[in-house]
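Below: the structure, in C-alpha cells.
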Amino acid sequence: MRRLAGLLVVPLLLLSAVACGNDKGSESTASANGLPAITAGAKFGEKPTLAKGKGDPPKELKVEVIKEGDGATVKKGDSVTVNYLGQAWDSDKPFDNSFDRKQPFDLTIGAGQVIKGWDQGLEGQKVGSRVQLVIPPALGYGAQGQGDIKPNATLVFIVDILKATTIPASAKGTDVAQDNIDLPKVGTNTDGKAPSITVPKKDAPTKLVSNYVIEGDGPAVKASDTLAVKYKGVVWKDGKEFDSSYSRGDAPVSFPLAQVIPGWQKGLEGKKVGSRVLLVIPPDMAYGDQAQPKIPANSTLVFSVDILAVL
C-alpha cells in the first residue's frame, strides 16, 4: 500500500470502541525503571515534553503504561487511532509528533505499516491508555536511520491510544456474477486468505473498471473516508503479483482514500463497505510511464480489494 500511496505524506514512523482513561496507573511526570521522564504535559491528551534519556539505553523493547485506560484491549488486526510524540534517547528534541498537527494517526496493528516496536508495544494495551515505548534500533530504523533519526538510534515514544476498531477478516455478502469474458475473474472465498485473480489473454480495457465480486450491505464509501482493506494486485500483461496485503500477514491496511492512486479513488468511491471489488486500472490512473518495483511503465493493473471498514 505504500507504493499505492505514491506521493502520500505520512508521519515519519510509517512504514470500535472509544474510551476515556481511568485513574489506574501513574500520572506523575517521571517514568519508572530509568526511562526518560515526562517533564510537562503528563496527562492523557496533552502534548508531552520528554527529558533526555540517562545513561545507556535498554537493548530490548520497554513498554510502560503511564496511565491505563478502561477501553477494549488492542488486538492484532485492529485499526487503532493514536496521538504520539517521538524523540531519540540521547536527545530532548522531538523528531515527530501528531499533537502539533492536530491530526491523530491511524494504523493497523500487525500489518507492518509502522516500525516493529510499535506493533509489538501497542498490542495488548487498552484504549484510553497513555503508553511509553522505548524502542531499540532493531525494532526501529536500524543501521540506516531515517530522516532526522540517526543510524542505530534508540527511540522513545509517548502514545495516547484514542480508539480501536475490530476489522472483519474478509468481505461478506452476495456473490455477483462475473460473466464478462473480457475481464479478470476474482475468487469469492471469504476465509480471509488471498483470492485468486485470473487475467484473460486479451487486450486490457482502456477505461477504469470497478465491479462488485461480492456485494456487501454497508454504507457507500465517500471520497473523504479512511478505509481498512485487504488487497492483492497483479499486472494485466503477465498476471504476476506485484503487491499484496495478504503476503504481510493477516492484518488489513488502512489509508485515507484521497491519498492513493486515482484508480483506487474513483473505483472505490460509492462502493459498499463489506464488498470485494475488482479494479482494472489503466496506466493514466495508476503510475503512467513511471515504472515501479515489479510494475513496468505503462502497465494496466488489476486489483481485488476487500473494503472491510470505514474508520
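The values are calculated or read from the model by the stated rules, or taken from the named source; none is laboratory data. In this text the structure is predicted, and so the values were computed from the model without any measurement. As a convention, Cβ positions derive from the backbone with ideal geometry for all residues, glycine included, and neighbour counts pool all protein chains shown. Ligands, DNA and RNA are excluded from the accessible area calculation, which covers all protein heavy atoms including side chains. Shrake-Rupley method; radii C 1.70, N 1.55, O 1.52, S 1.80 Å.
The table below gives the values:
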item	result
In sequence order, calculated HN-Hα J values of the range 226-233 (Karplus, 6.51, -1.76, 1.60; Hz; x Gly/Pro)	9, 10, 10, 9, 10, 8, 9, x
Average accessible area per residue (Å²) across the chain - probe 1.4 Å, nucleic acids and ligands excluded	46
Karplus (6.51, -1.76, 1.60) ³J(HN,Hα), θ = phi - 60°, over the range 108-124, in Hz, Gly and Pro reported as x	10, 5, x, 8, x, 7, 10, 4, 4, x, 6, 4, 6, x, 8, 4, x
Amide H contacts of ASP96 (H built 1.01 Å from N, under 5 Å, at least 5 apart or other chain)	GLY86
With every protein chain in place, the chain: carbon and sulfur % of accessible area (1.4 Å)	50
Cα-centre dipole for the chain with unit charges at Cβ (Lys and Arg positive, Asp and Glu negative), debye to 20	240
Cβ-placed point charges (K, R +1; D, E -1), dipole of the range 159-284 about Cα centre in debye, nearest 20	80
Furthest towards positive pole of dipole, TRP89, GLY218, SER129, structure part the chain, Cβ charges	TRP89
Computed [θ] at 222 nm, helices only, for the chain once each DSSP H run of length n ≥ 4 contributes -39500 (n - 2.57)	-1500 deg cm²/dmol
Net charge contributed by nearby residues that have their C-beta within less than 14 Å of GLY140 (K/R +1, D/E -1)	-1
Cut-off 10 Å between beta-carbons: net charge of the residues surrounding VAL199, Lys and Arg +1, Asp and Glu -1	+4
Derived scalar couplings ³J(HN,Hα) [the range 34-47; Karplus, 6.51 cos²θ - 1.76 cosθ + 1.60; whole Hz; x for Gly, Pro]	x, 7, x, 7, 8, 9, 7, x, 6, 7, 3, x, 8, 5
Under 5 Å, built H, 5+ apart or other chain: amide partners of PHE255	LEU227
